[in-house]
Structures are given as structure tokens and as C-alpha cells.
Ligand SMILES: Cc1ncc(COP(=O)(O)O)c(C=O)c1O
């Protein structure tokens, strides 16, 4: 009886969903895909744009940099312009290139205020690369990361980061903070505008890591923050290893990049190849080396598609999908020891579930053709991506999880060495 109701609910929501056309624009691997917050799926538009770029390369060789329309030479600027409204940025405030990790190094090298306020604040649940980048940056400047890295732990007894704890840790020696818009494990969304404003009063700029919100949350970066980095392979569906992005508010232009490279030159002077660096007047000064045109092609296709869908509609859809999933889990899985970690009132794009056999459970899901992901020690993340997932997928994954839990099928996976986590 209850199952029939869930099915009816899922079907009704899929049928009346204003973005029901969007998942059709993507390729779907077999089974149920819940890992769009690790790697978003491939759009038909991305594939078409890559094929076009391959044809351009075949037909033009190096002349493609100038003779394609638009020229490869300006693709970063073109795509950044399409991306800007999705992120609430103004023209010239976003650039693309390299990886999130490299972009973070670039931002640290550019905006670290120096020895007067050397400490860098970071949250205790930060994605490892952010922590490694900040530590190695401090070491490279002759500081000891043990002393100069200020780590804000999650509130005791919870897995949540609080604004109060962040602010309390920002003393007069802290000159910069690196924080996530959405915590990668728990899916907790932090109040970016509030934290940015409060830290600004203490003279601490924040580099926001938007990896888990770019293409998901309708950010108003220009109105709310100064600095950010993000990846484009999750909710922006740019493809494996697609270029990262950076946001620098106009009030901080022009900027002197800490790590200069010729691709950060002002476009009109790049091929004059001056001996000294003459940077672009906006965020594009942060670019370093030659961008990957094939990666940019895929990103261009997906970003165009997402811009057509509209970021507000995508976020509304994401929140409906995760709310449905949250309800299903609470009603049907908590009795088997599953705990919902993600706070419903501050939810990003995924639901994190804790279970003492989480690893075995995630392997059992894989065997049942579901792609979740697992985060040590006990957390399964399920991300119904707003561009590709359907309400019936949420019901499907909970049906499978309930079956695995009721029959304790996870036991068969307790000793299995995972090949991929
Ligand atoms: C919050 C966060 N920051 C950074 C990264 C990864 O950085 P990169 O794109 O350099 O591999 C990830 C990857 O999942 C992430 O979730």
C-alpha cells in the first residue's frame, strides 16, 4: 500500500516536472547514477561540441586558434561569459583553467596578505586538496603549517560546521580563509554571505570553494563575496578533468597574479610576447598556460544547456529531489540503522547517510547497479543531480537499499577490498 503511494508520488512528480526534458539531453550509464557530485554525466551537446572541435583541429591545425568561430583563442572568455549569470557574476569576474587545486594555489599566491597576518583559516571537514594546498603554500612561504593553519572543527557531537565557530577562530593573526559553500562529505550548505560579511569586518577575505555548488545553487557571487574557486566536472557537467574556475570580484581588479603565465596576458598583447608580464585587466589575469580546447568544448556544450534550463529551476528541482529522497530514507531506512547526516534546512545537492556498515553497503549498492559514493569511515553520499536524475530514480535507490538492509546483503561485502571508493 505504502509502496504504491511512493510510486504514484514519484511518477506524478516526474510527469509534472518543468525540467523533465533535461535528463533526456544526457547519456545515462546503465543502472541508477547517484554520483553527479563526483562526476556529472555527459550531455549530447557536450559530445557534439567536442566532435566539432575535433573536426576544426583536423581541418585547421594551428590556425584553429584564430580561424574558428569563435576563435579557440577566446573560448575561455566566451564560456566564462555564459557561466557568469549561472553564478551571479559580472563580466570579467570569472576565468577558467587548470584544476581546482591549481586555481587554489593561484588564489593563495595572489591574495595571501603576507607576514603581518600569516594565518589561514580552514574548516576541519575541508576537501583534502584544499588542506594540502594551504599547508604547502604556507610552508613554501617559510611558515609552519602546524602553527599557521587554523582549523575549525565541526561542532562537538555533530558533523556540522557552525558560523559561530568559524568567526570565533578568526583572530587578528588570520589573514585569509578557505571555506566550502557545501561541505563535500555531509552536504551541509554554509551561509556564505553571512560568513563573508562577518569575516570581512575582521579584515579576513574568504576564498570559497564552490566545487559542490557551482551549477547547483543560484549564487549571487558579485553581490555576496569577493573570491572563489570551483570545478566544472560535477554539477556543470564539463567532463572528467574539465577546467576549473575562479571568481574575483571587480573591486579587486586589476590584479597581479601570484603565479603568472602567458595565458594570463591581456589578449591583445599576448602574441607580442613582451619580456615582462602584461596581465589582463580582469580575472583572466589568473590564467596560466594554454587551455585544453577539447575540454573547453565539452564544457561549452553543457554550460549552454544548463543556462537554457536556468539555475533557479535547477536548484528548485535539486531541492525537490533531495527532499523526496530525504523523506523516503527517514520513513523506510532509519529502522535499519541508517542516519541522515545532511541537515534538511541547509542541504546542498546530496544526501549523506551514515551507517556502521556504510562501506559494505555502498559495495552492495554497486553490485545492484547503483553508483553512489562512499566517504570514510561510514558515509554514503547520494546525489540526485538536478540535470540528470529523476524522482523515480530516488525511489529506485531507496527500494534497493531497503532490500539490501532487510536481507543484510551487505554482509557479503564486508571483507571485499574496494577497487574505487
Ligand atoms: C570541495 C572540493 N574541492 C576540490 C576538489 C578537487 O580538486 P581538483 O579539481 O583539483 O581535483 C573536489 C573534488 O571532488 C572537491 O569536492
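The values are calculated or read from the model by the stated rules, or taken from the named source; none is laboratory data. Because the structure is predicted, anything quoted here is derived from the model rather than measured. Don't worry about glycine lacking a Cβ; one is built from the backbone with ideal geometry, like all the others, and counts go over all protein chains shown.
Candidates are the residues of region 15-43 that are part of a helix (DSSP H, G or I) and free of Cβ contacts under 8 Å to residues at least 24 places away in the same chain; the one that is nearest to residue 96 (Cα to Cα) is 24. If the condition is being in contact (Cβ under 8 Å) with a residue 40 or more places away in the chain and not in a loop (DSSP other than H, G, I, E, B), then region 369-386 contributes 370, 371, 373, 374, 375, 379, 381, 382, 383.
None of 10, 58, 53 is surrounded by fewer than 18 Cβ atoms within 10 Å (Cβ to Cβ) and assigned to a helix (DSSP H, G or I) except 58. Here residue 417 meets the list (1) in contact (Cβ under 8 Å) with a residue 40 or more places away in the chain; (2) surrounded by fewer than 18 Cβ atoms within 10 Å (Cβ to Cβ); (3) assigned to a loop (DSSP other than H, G, I, E, B) almost entirely, failing just condition (1). Checking every residue in region 113-124 against the condition of being in contact (Cβ under 8 Å) with a residue 40 or more places away in the chain, closer than 27 Å to residue 187 by Cα and within 12 Å of the ligand (Cβ to nearest atom) gives at least one match. Tell me, yes or no, whether region 311-333 has at least one residue that is farther than 19 Å from residue 383 by Cα and either surrounded by fewer than 24 Cβ atoms within 10 Å (Cβ to Cβ) or within 16 Å of the ligand (Cβ to nearest atom) (or both). For region 311-333, residues farther than 19 Å from residue 383 by Cα and either surrounded by fewer than 24 Cβ atoms within 10 Å (Cβ to Cβ) or within 16 Å of the ligand (Cβ to nearest atom) (or both): absent. For residue 345, the requirement of being free of Cβ contacts under 8 Å to residues at least 12 places away in the same chain and either in a helix (DSSP H, G or I) or within 18 Å of residue 212 (Cα to Cα) (or both) is met. When region 92-110 is filtered for residues that are in contact with a helix residue (DSSP H, G or I) (Cβ under 8 Å, 6 or more places away or on another chain) and either surrounded by fewer than 18 Cβ atoms within 10 Å (Cβ to Cβ) or closer than 22 Å to residue 160 by Cα (or both), the ones remaining, listed by number, are 101, 109. So for region 296-308 (the condition being modelled with pLDDT of 95 or more, surrounded by fewer than 20 Cβ atoms within 10 Å (Cβ to Cβ) and more than 17 Å from residue 85 (Cα to Cα)), does at least one residue qualify? No, every residue in region 296-308 fails to be modelled with pLDDT of 95 or more, surrounded by fewer than 20 Cβ atoms within 10 Å (Cβ to Cβ) and more than 17 Å from residue 85 (Cα to Cα). All told, residue 114 meets the bar of being in the same structural domain as residue 241 (by TED's automatic domain parsing) and farther than 24 Å from residue 233 by Cα. Residue 139 satisfies every condition listed in (1) in contact (Cβ under 8 Å) with a residue 12 or more places away in the chain; (2) farther than 24 Å from residue 185 by Cα; (3) away from the ligand (no atom under 16 Å from the Cβ) except (1).
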